[in-house]
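Visitor: Below is one structure. I have some questions about it.
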Amino acid sequence: MEFKGKVYKYGKNVDTDVIIPARCLTTKVESELAKHCMEDIDSEFASTVEDGDIIMGDTNFGCGSSREQAVIAIRGSKVRLVAAKSFARIFYRNCVNNGICPLEIGDDLYDRINHKDVVSFNITTGKCRNHTTGEDLAFEPMTGRVLELLQDGGIIESVRKEMAEKA
């Protein structure tokens, strides 16, 4: 499973209020939430992000309230992978459940990728390519049930698939 896109790189403790501010929670419509995604930390994000782009954070990404709308806003922005040194536990789970890949990365990989670099991550092989610098990097590949859920598109799609197989 491979992801390729331009990286939007942020620092430590990016909380769910930064991902989608509370003042913007007047709707549940994914595309409307996406218009306000990351606006308090990066006013250009919503207008420049493209399908397949990647969000990267330092430690404790997705901390704060456990609002699922943060992940829905990211998904509405067409981001399919969020890479960070560490995630808040509930945010991580909300990502998996909603088909967004939460990839835990090490210091070295984080340090070798810059804001707006174009990179690709193959989460099953643990290989990363920074197309901007030409550098090949490595990380711990994803396995197990989390990988299966992501390959199915999230928890709802996974349950649908399992039920169809039993029918």
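The values are calculated or read from the model by the stated rules, or taken from the named source; none is laboratory data. Computed from a predicted structure; not experimentally measured. Please note: Cβ atoms are built from the backbone with ideal geometry, for glycine as well, and neighbour counts cover all protein chains shown.
Visitor: Please verify whether the range 82-93 includes one or more residues that are part of a loop (DSSP other than H, G, I, E, B) and loosely packed, with under 15 Cβ neighbours inside 10 Å.
Guide: The answer is no, given that none of the residues of the range 82-93 is part of a loop (DSSP other than H, G, I, E, B) and loosely packed, with under 15 Cβ neighbours inside 10 Å.
Visitor: Which residue is farthest from the chain's Cα centre (by Cα), if the candidates are limited to the range 114-135 and must be assigned to a loop (DSSP other than H, G, I, E, B) and within 30 Å of I155 (Cα to Cα)?
Guide: T125
Visitor: Still on this structure, I have one more. Answer yes or no as to whether V79 is in contact (Cβ under 8 Å) with a residue 12 or more places away in the chain, in contact with a strand residue (DSSP E or B) (Cβ under 9 Å, 6 or more places away or on another chain) and assigned to a loop (DSSP other than H, G, I, E, B).
Guide: yes
Visitor: Further question on the same structure: Could you please find all residues in the range 42-76 being buried (at least 18 other Cβ atoms within 10 Å of the Cβ), small (G, A, S) and either out of contact with any helix residue (DSSP H, G or I) (no Cβ under 9 Å at 6 or more places or on another chain) or assigned to a strand (DSSP E or B) (or both)?
Guide: Correct list: G57 only.
Visitor: Pairs please, first residue from the range 11-31 and under 16 Å from G62 (Cα atoms), second anywhere and modelled with pLDDT under 95 and among the β-branched types (V, I, T), Cβ atoms under 9 Å, 6+ apart in sequence or on different chains.
Guide: As it stands, the answer is none, since no pair meets every condition given.
Visitor: Just to check your reading of the model, which residue among L103, L81, L147 is out of contact with any His (no Cβ under 8 Å at 6 or more places or on another chain), over 30 Å from P21 (Cβ atoms) and not aromatic (F, W, Y)?
Guide: L147
Visitor: Being buried (at least 16 other Cβ atoms within 10 Å of the Cβ), more than 17 Å from C95 (Cα to Cα) and under 18 Å from the mean Cα position of the chain (by Cα) is the filter here; which residues of the range 136-167 pass it?
Guide: Once the filter is applied, which keeps residues that are buried (at least 16 other Cβ atoms within 10 Å of the Cβ), more than 17 Å from C95 (Cα to Cα) and under 18 Å from the mean Cα position of the chain (by Cα), the range 136-167 yields only F139.
Visitor: Has the range 10-18 got any residue that is basic (K, R), surrounded by fewer than 18 Cβ atoms within 10 Å (Cβ to Cβ) and more than 18 Å from L109 (Cα to Cα)?
Guide: no
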